[in-house]
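The structure appears below as structure tokens.
The values are calculated or read from the model by the stated rules, or taken from the named source; none is laboratory data. Predicted model only: the values in this text are computed from it and were never measured. FYI the Cβ positions are ideal-geometry reconstructions off the backbone, even for glycines, and counts take in every protein chain you see. We work out accessible area using only protein heavy atoms, side chains counted, and drop any ligands, DNA or RNA first. Shrake-Rupley method; radii C 1.70, N 1.55, O 1.52, S 1.80 Å.
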Amino acid sequence: MSSEKHLETIGDAAAEKQYEATGEKVPIEKESRLDELGVNDAGAIPKGTIDPVYEAKARVLNHAIQEIGMGWYQWQLFIVVGFGWANDNLWPIVTSLILTPIVNEFHPSRPPLLSLAQNIGLLIGAIFWGFGTDVFGRRHAFNATLGITGVFGMIAAGSPNFAAIGTFAALWSFGVGGNLPVDSAVFLEFLPGTHQYLLTILSIDWAIAQVVATLIAWPLLGNLTCQEKAKICTKSDNMGWRYFVIVMGGISIIEFIVRFGFFTVFESPKFWMGKGNDEEAVRIVHEVARRNGKTSELRVEDLRSLGEIHGIHQGESAATAAIQRRLEKVNLSHVKALFATRTLALSTSLIMAVWAFIGLGYPLYNAFLPYIQNLKGAQFGDGSTYLTYRNSLIIAVLGVPGAILGGILVEIPRFGRKGTLAVSTILTGVFLYCSTTAVTSAALLGWNCAFNFFSNIMYAVLYGYTPEIFPTKDRGTGNALTATANRVFGIMAPIVAMFANLNTAAPVYTSGALFIVAGLLVAILPFETQGKASL
């Protein structure tokens, strides 16, 4: 596009006259440019939060993606991003399912250390990949997380002892921990604002992953591992769990191959724009438009005319500046804003406590569920590993309708998000207590099915309600605070389990109490978001 045409597009008469007289362009107020370009949306991040030039350019890119609309590229991306959602739940379930045969074979003094290793890997992975995407890009991380998970999952099958399997669990969890931070960024940055609800729909992959894992575990772990009553458990008699992690690792590798070999994941336009490479950002927007059978009117001049991002020049390496921008976003002003008033402080504190208690309560019970089922089954006289994993499959299947029902209940008048979340969380704890009354395996299975059903309702609502109660300008910080509380307390779960003794009902009582307290805290949250636009 010529400079004359550019000025005509921008529509600044004074600048055009000076150009005619001197041949030099002059800066034009950014907001005027954005208005003339038709970019009227404020964007997800409010003005003044980040570098103003970066913000202005991001708004232009958002507008371009919105004009392209939802098309073939985004629907393909929806599918491959779903792999990340599935793996986020698949591998913690794997750790849970293989605990019993691993304990039977290696006889560790502290079995919960396996879950501890996993949770440490998840925390480190979330931190590394979440920050790293701003340095080396979304595309490489998007592919690498699945590859790392699959490779270390398959290698874990050769573990000669408990320490080795714990190490590999931490390593595969390092990959798993990056799935949601990376995949959500990739998806959102190509998604029109009108279709951001699809990020919530992806949760169905999370629920289905549990069904897939337990469906495969049933024959492998049920028939090819040592029985609980076996006095000696050798490697040759206990190969089922090794075959299982090979299959799970193979699934992740296949997903990696599909992403890497059969689907072209473009680097985020915003990432290239942030590096000062406006040409590449525009090229990708046009390529996405072409894939969708559309055209885009975005031009390089539309971005360049807004100026240069502080500390970045066209084409230069942006690693240092990217880190600086990321660190600039993490400042106490956003934390203080979430505690600025008594009501906001109460809301923020309560939702963090809810996430923390659930972060401790859920893995404290669910991560050791097959192990607890096996012990109870042995007491009932039918504790075969086959029945243990058959029951795990039944429990997993009941979670899928729970996630769907949660989306329906939140729209009931005068019940809404708070009512659904409070009731489902409390009932999750209640049914855990009920499980301690079981005197048969069938009764234990029934209580556990109810637990999983209501816990899936709980999570479905929690993931949607949490960001709604934070103001837009501080939503990222609010989500970070709740996620940190959840992960840190998740690491505490296996530590508590070690001292509580899994051979007793103590972990169940502790977990149930945490859910009930969390549900009561939800009931006193000050904000109900049903039918209201988030601020």
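Side notes on the structure shown:
- Residue match in the range 447-455 (condition: at pLDDT 80 or above and of a type in the set (S, T, Y)): yes
- Every residue from the range 273-306 that is surrounded by fewer than 16 Cβ atoms within 10 Å (Cβ to Cβ) and part of a loop (DSSP other than H, G, I, E, B): G293, K294, T295, E297
- Members of the range 406-423 that are open to solvent by 30 Å² or more (accessible area, probe 1.4 Å), assigned to a helix (DSSP H, G or I) and not aliphatic (A, V, I, L, M): G407, R417, K418
- Residue pairs whose Cβ atoms lie under 8 Å apart, separated by 6 or more positions or on different chains, with the first residue in the range 522-535 and modelled with pLDDT of 80 or more and outside any loop (DSSP other than H, G, I, E, B) and the second of a type in the set (V, I, T) and buried (at least 17 other Cβ atoms within 10 Å of the Cβ), are V522/V354; V522/T425.
- Screening A367, A396, A337 for residues that are under 26 Å from T95 (Cβ atoms) and at pLDDT below 80 leaves exactly one candidate, A367.
- Selection count where residues are in a loop (DSSP other than H, G, I, E, B), under 15 Å from G274 (Cβ atoms) and at pLDDT 75 or above, scope the range 34-70: 0
- Of the residues making up the range 223-235, none is in a helix (DSSP H, G or I), open to solvent by less than 10 Å² (accessible area, probe 1.4 Å) and touching a helix residue (DSSP H, G or I) at 6+ places or on another chain (Cβ under 8 Å).
Per-residue answers, yes or no, for (1) within 14 Å of the chain's Cα centre (by Cα); (2) in a helix (DSSP H, G or I); (3) among the hydrophobic types (A, V, I, L, M, F, W, C):
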position	(1), (2), (3)
N87	yes, yes, no
P92	yes, yes, no
P108	no, no, no
L114	no, yes, yes
F152	no, yes, yes
W172	no, yes, yes
S184	yes, yes, no
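- Restricting the range 133-157 to residues that are modelled with pLDDT under 95 and open to solvent by 50 Å² or more (accessible area, probe 1.4 Å), the residue that is farthest from G82 (Cα to Cα): V135
- Filtered residues of the range 342-367 (kept if of a type outside the set (A, V, I, L, M, F, W, C), open to solvent by less than 20 Å² (accessible area, probe 1.4 Å) and in contact with a helix residue (DSSP H, G or I) (Cβ under 7 Å, 6 or more places away or on another chain)): T348, G359, G361, Y365, N366
- Within the range 335-349, residues that are assigned by the TED database to the domain that holds L520 sit with their Cβ atoms under 9 Å from residues that are open to solvent by 60 Å² or more (accessible area, probe 1.4 Å) and assigned to a helix (DSSP H, G or I), at 6+ positions apart or across chains, in these pairs: A337/K473.
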